[in-house]
Amino acid sequence: MGFGLPAALGAQVAHPFKTVIDIDGDGSFLMNIQELACAHVEKLPVKVLLLNNQHLGMVMQWEDRFYESNRAHTYLGAGFDKDPYPDFVMLAKGFGVGGRAVSRKGDLDEALVEMLDSKGPFVLNVLVPYQEHVLPMIPGGMTVRDIIKA
């Protein structure tokens, strides 16, 4: 967790003429969000496709699969009746980085084009349902031989 943005910055430095996209979750992104300052100052046009489910998604997935959905502080939002928290577009702009939020599937294609066409770093905050799980996954303490595919 937290490796996506710093790794994308390194990849961008190594391949300055390639498009580099960090596909990240909101919990992971928050761990090193300050690296947006590096992207801005060093003019590294890294794109962040942020899959924002307002949760520590992988941990929540383990909770659902192995612990009867018993939550242990994996919700990152400000309340289900409030706007998504934090405002990642505002945070990106605070670092001098472009940003946009998408909450409707019909707006995604246009937003992806905007992100890819941007000359500098860009954060595309895509709100996704927290109930969606990511597969395949490796259970905690297991190996790739124990991977869950469905």
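Expressed as a rounded percentage, what relative contact order does the chain have, with Cα pairs under 8 Å and six or more residues apart? Working shown, then result.
On the way: 247 pairs, mean separation 34.5, N = 150.
The normalised contact order for the chain reaches 23 percent.
Among the lysines, which fall within straight-line cross-link reach of Lys47, defined as a Cα-Cα distance under 21 Å, with same-chain neighbours fewer than 8 residues apart omitted?
By straight Cα distance, Lys47 reaches Lys18, Lys93, Lys105, Lys119.
Excluding Val102 itself, what net charge comes from residues whose Cβ is under 12 Å from its Cβ, given Lys and Arg +1 and Asp and Glu -1? Please list the in-between numbers first.
Values: positive: Arg100, Arg104, Lys105; negative: Asp107, Asp109, Glu110, Glu114.
Residues close to Val102 contribute a combined charge of -1.
Measuring from label point to label point, each 7 Å out along Cα→Cβ, what is the Phe17 to Ser103 span in nm?
With each label point 7 Å from Cα toward Cβ, the separation is 4.2 nm.
Using alpha carbon centroids, what distance separates the stretch 1-42 and the stretch 96-123, in Å?
Cα centroid of the stretch 1-42 versus Cα centroid of the stretch 96-123: 16 Å apart.
Quick one: pull the percent of accessible area on the stretch 20-60 belonging to carbon and sulfur, 1.4 Å probe, ligands and nucleic acids left out. Write down the numbers at each step before the final one.
Details: 1100 of 1650 Å².
Carbon-and-sulfur percentage of accessible area, whole number: 66.
Subtract the Cα-Cα distance of Asp87 and Glu68 from 0.36 nm times their separation in residues, and report this length gain in nm to one decimal. Could you put the intermediate results ahead of the total?
Details: separation 19, 0.36 × 19 = 6.84 nm, distance 3.06 nm.
Contour length minus the Cα-Cα distance gives 3.8 nm.
How long is the gain from Val113 to Val144 if the chain were fully straight, where each residue apart is worth 0.36 nm and the alpha carbon distance is subtracted?
Values: separation 31, 0.36 × 31 = 11.16 nm, distance 3.53 nm.
Extending this stretch completely gives an extra 7.6 nm.
Can you give the net charge of the other residues whose Cβ lies under 13 Å from the Cβ of Asn70, counting K and R as +1 and D and E as -1?
Working: positive: Arg65, Arg71; negative: Glu63, Asp64, Glu68.
Cβ neighbours under 13 Å give a net charge of -1.
Karplus couplings for the stretch 38-48 from phi (6.51 cos²θ - 1.76 cosθ + 1.60, θ = phi - 60°), rounded to Hz, Gly and Pro as x?
For the stretch 38-48, the Karplus-derived couplings read 4, 4, 5, 5, 8, 6, 9, x, 5, 9, 10 Hz, x marking Gly and Pro.
Using a basic spin-label model with each label point 7 Å from the Cα along Cα→Cβ, how many nm lie between Met31 and Ala7?
That separation, rounded to one decimal, is 1.0 nm.
Antiparallel DSSP bridges in the stretch 1-145: what percent, to the nearest 5?
Working: 1 of 17 bridges.
Taking every DSSP beta bridge within the stretch 1-145, about 5 percent pair in antiparallel fashion.
Where does the charge balance sit around Pro6 when Lys and Arg score +1, Asp and Glu -1, over other residues with C-beta under 12 Å from its C-beta?
Working: positive: none; negative: Asp22, Asp24, Glu35.
Its environment carries a net charge of -3.
Bin width 5 Å, alpha-carbon pairs only: give the P(r) of the stretch 19-150 as whole percents, running from 0 to the bin holding the largest distance.
2, 10, 18, 20, 17, 14, 10, 7, 1, 0
The values are calculated or read from the model by the stated rules, or taken from the named source; none is laboratory data. A quick note: this is a predicted structure, and the numbers were derived from the prediction, not measured. All Cβ positions, glycine included, derive from the backbone under ideal geometry; neighbour counts span all protein chains shown. Surface areas here come from the heavy atoms of the whole protein model, side chains and all, with no ligands, DNA or RNA. Shrake-Rupley method; radii C 1.70, N 1.55, O 1.52, S 1.80 Å.
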